[in-house]
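One structure is given here, and the rest of the page talks about it.
None of the figures in this text is laboratory data; all of them are computed from the coordinates on show. Computed from a predicted model, the values in this text were never measured in an experiment. When we count neighbours, we look across all protein chains shown, and the Cβ atoms used for this are built from the backbone with ideal geometry, even at glycine.
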Amino acid sequence: MVETYRKIIAEELANADRNQAFGLNRGSDRSLVEERSQLLQTVAPEVLQLCEEMGLSDRETILRTLWNLWLPLSLELAAERQKLDRPVVQGILGGQGTGKTTLATVVRLILEELDYTSVTFSLDDLYKSYIERQQLQRYDPRLVWRGPPGTHDVEIGVDLLDKLRQANRRKPVVIPRFDKSACQGAGDKAQPEVINPVDIVIFEGWFVGARPIPDNRLFDNAPDPINTPEDIQFAKDMNDRLLDYVALWHRLDRLMVLYPEDYHLSKQWRKEAEQKMKATGRGGMSDEEIEQFVEYFWKALHPELFIDPLVRNPILTDVVVEIKHNRKIGQIYRPQS
């Protein structure tokens, strides 16, 4: 296995131009290369086992992703923790199938190896209760699914991140959790998790860090499927509600965007996820329902309007990770002004 590690490391060092954010190359300081190489060999067996348990079987792809993304991100978070002298909040924006859960799970394992404690929570964990969302839907029938701006308890999120970011905090922290299977699949608040203070916080979600558009006139020529006057008004209203989330984003120390090479892939990836769920005997959406479901979220916060600006903004975004159609990692870069 050691020979496999060496082969992959040598090949990635020779092609480091595609990894501009974290890249090491043949000319890099030997001690830095050796540090990452040793860490890869230390954590690789556990990472491979963990990924296998999560249904990932391509060992070479896992090792290359470990070298190019998971390891250097973990090392940067550890260094940032020392620099700030307080817990670090890493935001991760990514849609269906972009690998948010895998990334967060593997990074937590690596951080543990580096003697740093961490916790992951999702924007989903901040959903309002089932009853509250039912009341919200009666007020605004357009909110047919949970997910868009307005369906979360933003104040709870702000208070949570403020507590998690406190230096030298000793009191436990209550992490909200959400059960998507409750209430016949509509979802509801679950039993909160009580944790001790941690070094690193990973906060992920499909529009974590997305900023409202200042000029509503952009919606008048919005991309498909924002087509009708009703669609345009819905998009404008969601944009207005996104303002409430800016205070939450201000608590992020870093933001990574997992960026599909084509946002339309989210439909394909969602269908694949539903098919896997159906194969286990559980219910799932039809292809037509998935089409409507994904387009609903595009109508709320369209990727071209809300995600594309982030991948070009070096002030708001630290790292962009391109996700290829086969879900492998493409370019990894830092936005340039």
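Long-range amide H contacts for I175: which residues qualify at under 5 Å (H placed 1.01 Å from N, peptide plane, sequence gap of 5 or more or a different chain)?
E193, V194, I195
Among N196, G209, V158, whose Cα sits farthest toward the positive end of the charge dipole of segment 152-219 (+1 at Cβ of Lys/Arg, -1 at Cβ of Asp/Glu, about the Cα centre)?
Value: N196.
Of the listed peptides 213-220, 142-149, what is their order by residue-averaged count of other C-beta atoms within 10 Å, with the highest listed first?
Output ranking for 213-220, 142-149: 142-149, 213-220.
Express in whole angstrom the spacing between the alpha-carbon centres of segment 30-62 and segment 230-271.
Using only Cα atoms to place each centre, the spacing works out to 31 Å.
How big is the gap, in Å, between the Cα center of segment 68-120 and the Cα center of segment 276-337?
Comparing the Cα centres of segment 68-120 and segment 276-337, I get a distance of 20 Å.
Over the chain, what is the relative contact order in whole percent, taking alpha-carbon pairs under 8 Å and six or more residues apart?
It rounds to 21 percent for the chain.
Rank R138, R270, R177 by mean-square fluctuation in a GNM of the chain with C-alpha springs under 10 angstrom and give only the top-ranked residue.
Judging by the Gaussian network model, the answer is R138.
Go through K128/K328; K236/K276; K299/K324; K83/K128 and tell me which ones have a Cα-Cα distance over 27 Å in this structure.
Exceeds cut-off: K128/K328; K236/K276; K83/K128.
Could you tally the net charge around V173, taking each other residue with its Cβ under 12 Å from the Cβ of V173, Lys/Arg +1 and Asp/Glu -1?
Local net charge: +2.
Residue by residue through segment 295-306, what is 3J(HN,Hα) from phi via Karplus (6.51 cos²θ - 1.76 cosθ + 1.60, θ = phi - 60°)? Round to whole Hz and write x for glycine and proline.
Values per residue, Gly and Pro as x: 5, 4, 6, 5, 5, 6, 9, 6, x, 5, 8, 10 Hz.
Can you list the residues, at least 5 places off or on another chain, whose amide H is less than 5 Å from the amide H of V208, using H built in the peptide plane?
G94
Karplus couplings for segment 60-70 from phi (6.51 cos²θ - 1.76 cosθ + 1.60, θ = phi - 60°), rounded to Hz, Gly and Pro as x?
The phi angles translate into 5, 4, 4, 5, 5, 5, 4, 5, 7, 10, 5 Hz.
Quick one: what are the phi-derived ³J(HN,Hα) couplings along segment 248-256, Karplus 6.51/-1.76/1.60 with θ = phi - 60°, whole Hz, x for glycine and proline?
5, 5, 5, 7, 6, 8, 8, 9, 10
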